[in-house]
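The structure under discussion appears below in the form of structure tokens.
The values are calculated or read from the model by the stated rules, or taken from the named source; none is laboratory data. Quick caveat, the model's predicted, so the values are computed rather than measured. Here the Cβ is made from the backbone with ideal geometry for all residues, glycine too, and neighbour counts use every protein chain on show. Surface accessibility is based on the protein's heavy atoms, side chains included, excluding ligands, DNA and RNA. Shrake-Rupley method; radii C 1.70, N 1.55, O 1.52, S 1.80 Å.
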Amino acid sequence: MQNNINYTKLPYHQYFIDNTNDINKTGKKRFEMKYNDIEYEWNGVITHANYEINYDSERNVIQVHFQGTQDMPDWLTNFVFLPKYYDSFSWNGKKITLKVHKSWAAMYKVMKHFIRNGVSDLLAIHPAAEVEVIGFSLGSGQAQLCVQDLYYNFGIKSHLFTFGSVNCFKTNIFNRSKTKKYLRSCCKEYHLFCNRSDIVTYVVPRIFGFIKINRNNVKGRFKFFGLFTPLKYHMHYDEEYLYEGIYKKENKY
């Protein structure tokens, strides 16, 4: 089925509201998010991987959502951040070797075939559809792995939107720039939103060589003690004013 609707983005805060099932009760969610739950064992701990795929007919968009941290096993997963070899290949005549956060890679691995099949099936029905990948917190790491996976296996360039965005790729000073260029090439656009006072956006610390695809700071100054109040700075990406400066930059031309 061909659909020639021109692609339009949602307001950025709306992606957060939908992804979290309106965690802060704004009353603005567009639909009820029903995440698929895959139970698996990792290092002797029962853990859950959660994703959702839907088709937005009003915008002709396939959305892939990844859920944020939900429970103690998720938190344990967040903090086991030994790097793991992920893949090695040639890109633009350069060798790319991807290393990633070990436990996040394990989580994505149990979902990847379902996601590939789900996106492929919807694209077969809606070949002109765009693909959006959305994640919050823990889900932001899964979303970054997903856009690379979809591009590497299918040549699909996604629109990436993440909130409370984490560092999930391991690099060193010699390959950091090359790796970032490659990861950004996997997307049509990338918006990894971070509050400067959100401690989660500094996980895993860059001092260990971990990076995210990009960092888009929302409105607000860095407050050191804010790092210790994540309920304020990590859980409220649904506030529209946070994106005023970003909208202004995008519309300056």
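At a glance:
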item	result
Using alpha carbons only: equivalent-ellipsoid semi-axes of the chain, gyration tensor based, whole Å	24, 23, 20
Cα centroid of the stretch 96-174 to Cα centroid of the stretch 221-237, whole Å	26 Å
Tensor-based shape of the stretch 186-229 (alpha-carbon gyration tensor, a/c under 1.5 rounded, otherwise prolate or oblate)	oblate
16 Å reach of a label modelled at residue 55, 7 Å along Cα-to-Cβ, counting backbone N of the stretch 122-161	122-132
Rounded percent of accessible protein surface that carbon and sulfur make up, the chain, 1.4 Å probe	55 percent
Share of Cα-Cα pairs in the stretch 126-218 lying beyond 18 Å, as whole percent	42 percent
Heavy-atom surface of the chain, accessible at 1.4 Å and reported per residue (Å²)	49 Å²
Sorted peptide list for 91-101, 57-67, 135-145, criterion being average Cβ within 10 angstrom, highest first	135-145, 57-67, 91-101
Rounded to whole Hz, the Karplus (6.51, -1.76, 1.60) HN-Hα couplings of the stretch 62-69, x for glycine and proline	8, 10, 10, 10, 10, 7, x, 4
